[in-house]
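Working notes, beginning with the structure itself.
The values are calculated or read from the model by the stated rules, or taken from the named source; none is laboratory data. Nothing here was measured: the structure is a model prediction, and the numbers come from that model. Cβ atoms come from the backbone with ideal geometry, glycine included; neighbour counts cover every protein chain shown.
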Amino acid sequence: MLIPILIFDVALVAWSLHLMEKAYEHKEFSFMLAGILVALAAAAMLVVYFLMGHCMSYLIKMS
């Protein structure tokens, strides 16, 4: 289950970079803001990914 989350996170980062590239081309603030928000969502998912991995390994060791 963690592998699809990681793949989705990489896709979010790629989409964020695409939005920021479009923002630079069109000199539009809304695209840049959207790119930053998508990048923050990707970072938050990565934090949850690592927390979930550590939590799962801890729970497996307890049982």
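With the requirement that a residue be touching a helix residue (DSSP H, G or I) at 6+ places or on another chain (Cβ under 8 Å) and not in a helix (DSSP H, G or I), what does the stretch 23-63 give you?
Within the stretch 23-63, GLU28 is the sole residue that qualifies.
Exactly one of these conditions fails for LEU2: (1) without any contact (Cβ under 8 Å) to a residue 40 or more places away in the chain; (2) exposed (fewer than 13 other Cβ atoms within 10 Å of the Cβ). Give me its number.
LEU2 satisfies every listed condition except (1).
Which numbered condition trips up ALA43, out of (1) at pLDDT 85 or above; (2) loosely packed, with under 12 Cβ neighbours inside 10 Å?
(2)
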